[in-house]
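Chemist: Here's a structure for you.
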Amino acid sequence: MPATGLTRRRFLGAGAAALSAAAWSRASGANGKLRLASVGVGGKGWSDLTGVAASPHVAVAALCDLDGRDPHMGRAATKFPAAKRFTDWRKLLDQPKEFDAVTVSTPDHMHAPVALPAMALGKHVFCQKPLTHTVHEARQLRLAAKTSGVVTQMGNQIQSHEAYRTATKLVRGGVIGKVREVHSWQAGGMRWLTVDDRPAGADPVPDTLRGWDEWLGVAPARPFKEKIYHDWNWRAWQDFSNGQLGDFGCHILDPVFTALGLAAPLTVRGESSPLNREVWYKWSVVSYEFPGTPLTAGKTLPLTWYDGDGKLPPRDRLGLAEGVKLPGAGSLFVGEKGSLLLPHVGMPRLLPDEAFKEVKVEKVPSVDHYVSWADACRGEGKTTSHFDYAGPLTEAVLLGTVAIRVPGETLKWDAAALKVTNSAKADGLLRKPYRKGWEPAWVG
Ligand SMILES: NC(=O)c1ccc[n+]([C@@H]2O[C@H](COP(=O)([O-])OP(=O)(O)OC[C@H]3O[C@@H](n4cnc5c(N)ncnc54)[C@H](O)[C@@H]3O)[C@@H](O)[C@H]2O)c1
C-alpha cells in the first residue's frame, strides 16, 4: 500500500500547531479528558496503553495494531471496546480531531516515522525507548518536540522508580565524592538472537496480521517468516532494532546521565563479537569519553558499557572487595570517596559497606511515568524524560551501535554539527536509507 501524504508532508506543512498543555487545559476545562490513541498495543504497548489509561483524566479514543490476535489488538479492544480501531497508523493520523495524544510502542524502526507526523499534527507523544532507530532520527524527534511544543516522554519508565531516583539523588548529593569513572552493563543473554543471517524462503502471512508490508514500513522489504521478526524477535535485526545496547542503554545509562548531567560524548569506541549486515552481535564493549561536569573528578569522564552473554566489567578495574557480587545488569559509579553500585532495577548500595555504614539512605518515592505524562499533557506538572533529555541520551546510546560497526576506531563526535568528524563510514551510519514512499518528513 502506498504511503499517504502524511509521511511525505513537510513537518508542520499542514499548518497544524500544538495546542500547548496549558491551552489544552483551558480549552477542555476541568472535566475534559485527554483522548489517547495508542499505536502498537501488544507487548510493551499494552503496559503503555494501560499505564496511561490508569489516569482518571484519560479516555482511550483509538487503538492501532497490525495484529488482530488476543495479546495484541484483541486484548486491547476487549478492554477498551469504545475505542476506534485502526490497523494502519497513517489512517489514524488522518483523523486528528479524534485524539489529543499518542503512545508509540511499535518496534524501534517505526518510532520516528509515527512520532514525527504525530507531533506535526500537534499531538503529545509518549514514545518507547530507544527513542529512535538512528542518531539522526533522535535529533529529529528532539527538534520536532521543540518546534511543535507538544508534551513528550520516552518510555524508560525505570527513571521514575524509587531505585533510580534514590541513586541519582545520592550521586548528586556528593556522597561518593566526584565521580572518576562509570561502568554499566547488561550481561543477560539475548534470547531473541535465534539466527545468524537472513533465512531463505517465505511463510504465509497469517490472516490475523493485517499487512506485512505495513509492519516493515520504512525498512527494506523481505518475505514474512514465522517467529523470525514479528513479534518480539525483530530485536535480532539491524534493520528493525539496535541490539542489546539499544534495548537496555536508555534504561541503564539513564541514571548515569541524570545523576551526572551528561549529554553528548566527545569520543566513542566499540568492539563486539563478529557482525554481519543483518543481525546484531552476541556481546559488545563500548567506551565513551564525556566532557566533565561539576560532579565528575576529571576534565573528562570515562564510561564503559558491556553487554552480552555473561559480559561483566573486569573486576580488577573496579576496586571492589571480593565479596561484592555484581548484579546481572546495572552500573557502578566510582567516586573519589567510594562507589555506588546500582542494580537494574534495585536499590543502590554504597561501597565499601564499612565506610558508609553511618549513612542513612532516604528513599526517593517513585512517580508514575505514564500518568505524569498524561498530567503534563493536561497542563499539570512536567515530564522528566521529555525529548530534550531523551533525544541526547538516545543519540549517545545509538552512537555506541555506530561504533560497534566500525570496530576499534575511536570516533570523534561533534554533537552540534551531528557529525562523526574522523570516519566517513561511521558518519554515514548516523542515518539510513528509507523504503521508497515511506520517507519521513524531516524538521528543518
Ligand atoms: N520500556 C521497556 O521496559 C520496554 C520493554 C519492552 C519493549 N520496549 C520497547 O517497546 C517497543 C515494542 O517492543 P515489544 O517488545 O512490545 O515488541 P512486540 O513485537 O512484542 O510488540 C509490538 C506491538 O506493536 C504492533 N505493531 C508492530 N508494528 C506496527 C505498526 N506498524 N503499526 C501498528 N502496530 C504495530 C505489534 O503487532 C505488537 O502488538 C520497542 O521499541 C521496545 O524497545 C520497552
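The values are calculated or read from the model by the stated rules, or taken from the named source; none is laboratory data. The structure presented is a predicted model; accordingly, all values stated were derived computationally and were not measured. No Cβ is skipped: glycine too gets one built from the backbone with ideal geometry, and neighbour counts run over all protein chains shown. Calculation scope for accessible area: heavy atoms of the full protein, side chains included, ligands and nucleic acids excluded. Shrake-Rupley method; radii C 1.70, N 1.55, O 1.52, S 1.80 Å.
Chemist: Scan the stretch 196-206 and give yes if some residue there is within 14 Å of the ligand (Cβ to nearest atom) and either surrounded by fewer than 20 Cβ atoms within 10 Å (Cβ to Cβ) or over 25 Å from S385 (Cβ atoms) (or both), otherwise no.
Modeler: yes
Listed here are the residues, each with its yes/no results for (1) farther than 30 Å from T103 by Cα; (2) touching a strand residue (DSSP E or B) at 6+ places or on another chain (Cβ under 9 Å).
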position	(1), (2)
M347	no, no
L351	yes, yes
V359	yes, yes
D368	no, no
T383	no, yes
T401	no, yes
K425	yes, no
L430	no, yes
R435	no, no
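Chemist: Starting from residues that are open to solvent by less than 30 Å² (accessible area, probe 1.4 Å) and assigned to a loop (DSSP other than H, G, I, E, B), keep the ones in the stretch 279-291 and report whichever is farthest from V182 (Cα to Cα). Walk me through how you get there before you give the answer.
Modeler: Looking only at the stretch 279-291, we keep the residues that are open to solvent by less than 30 Å² (accessible area, probe 1.4 Å), and these are 279-281, 284-286, 288, 290.
Next, only the ones that are assigned to a loop (DSSP other than H, G, I, E, B) stay: 280-281.
Working: W280: 25, Y281: 23 Å.
Restricting to residues being open to solvent by less than 30 Å² (accessible area, probe 1.4 Å) and assigned to a loop (DSSP other than H, G, I, E, B), the top hit is W280.
Chemist: Take the residues in the stretch 209-222 that are in contact with a helix residue (DSSP H, G or I) (Cβ under 8 Å, 6 or more places away or on another chain) and part of a loop (DSSP other than H, G, I, E, B), then tell me which one is nearest to the ligand (Cβ to nearest atom).
Modeler: G217
Chemist: Give the number of residues within the stretch 111-127 that are surrounded by fewer than 24 Cβ atoms within 10 Å (Cβ to Cβ) and either closer than 17 Å to W215 by Cα or among the aliphatic types (A, V, I, L, M) (or both).
Modeler: Selection size over the stretch 111-127: 1.
Chemist: Separate question: Quick one: H183 ticks every box in (1) closer than 28 Å to R315 by Cα; (2) open to solvent by 10 Å² or more (accessible area, probe 1.4 Å); (3) of a type outside the set (A, V, I, L, M) except a single one, so which number is it?
Modeler: H183 satisfies all of (1) closer than 28 Å to R315 by Cα; (2) open to solvent by 10 Å² or more (accessible area, probe 1.4 Å); (3) of a type outside the set (A, V, I, L, M) except (2).
Chemist: Also, I was wondering about something else. Quick one: in the stretch 48-73, of everything that is within 10 Å of the ligand (Cβ to nearest atom) and surrounded by fewer than 16 Cβ atoms within 10 Å (Cβ to Cβ), which residue is nearest to A101 (Cα to Cα)?
Modeler: Out of the qualifying residues, it is P71.
Chemist: Are any residues in the stretch 136-175 open to solvent by less than 10 Å² (accessible area, probe 1.4 Å) and among the hydrophobic types (A, V, I, L, M, F, W, C), and if so, which ones?
Modeler: A138, L141, A144, M154, A163, A167, V171, listed by residue number.
Chemist: A further question follows. Do any residues in the stretch 203-216 that are closer than 20 Å to D70 by Cα have Cβ atoms under 8 Å from those of residues that are open to solvent by 50 Å² or more (accessible area, probe 1.4 Å) and among the hydroxyl-bearing types (S, T, Y), where the two are at least six apart or on different chains, and which pairs are they?
Modeler: Listed by first residue and then by second, the contacts come to R210/T87; G211/T87; E214/T87.
Chemist: Continuing with the same structure: Anything in the stretch 204-248 that is more than 22 Å from the chain's Cα centre (by Cα) and of a type in the set (G, A, S)? List them, or say none.
Modeler: Within the stretch 204-248, G211, A221 meet the criteria.
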